[in-house]
Amino acid sequence: DKNNALTFYLKALEKNPQNALTNFKIGSLYLEMIYKHRALSYLEKALTLDPKVSPDIHKNIGQAYHFNLMWDKAIEHY
């Protein structure tokens, strides 16, 4: 389930906080949970570390900005 996956990804991130894919996965999981606002910092870091981390990075970060009421930034990424 998503909570278990999140727990494992957060532990992995402790070992390697500069891993773009792990940051992306955590941010993406938060978007699927009730804590959507928590996704933004992880997705921003993923994008900074590797702009090509996933084909969905801009869609997901757009959603994260949307959930954090940052409309202009959301539009940029959508």
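The values are calculated or read from the model by the stated rules, or taken from the named source; none is laboratory data. Predicted model, so just to flag it, every value in this text is computed and none were measured. Positions of Cβ are backbone-derived with ideal geometry, glycine not excepted, and every protein chain shown enters the neighbour counts. Side chains included, ligands, DNA and RNA excluded: accessible areas come from the protein's heavy atoms. Shrake-Rupley method; radii C 1.70, N 1.55, O 1.52, S 1.80 Å.
Annotation note: Cβ proximity below 6 Å between a residue of segment 27-55 that is of a type in the set (Asp, Glu) and a residue that is open to solvent by less than 70 Å² (accessible area, probe 1.4 Å) (sequence gap 6+ or interchain) occurs for Asp50/Ala20.
Helices (runs of 4 or more DSSP H) fully within the chain that include at least 2 residues being touching a His at 6+ places or on another chain (Cβ under 6 Å), surrounded by fewer than 16 Cβ atoms within 10 Å (Cβ to Cβ) and on the phi < 0 side of the Ramachandran plot: none found. Filtered by the rule that a residue be over 21 Å from Lys2 (Cα atoms) and of a type in the set (S, T, N, Q), segment 28-64 gives a lone residue, Thr48. For Asp56, the requirement of being in contact with a Ser or Thr (Cβ under 8 Å, 6 or more places away or on another chain) and charged (D, E, K, R) is met.
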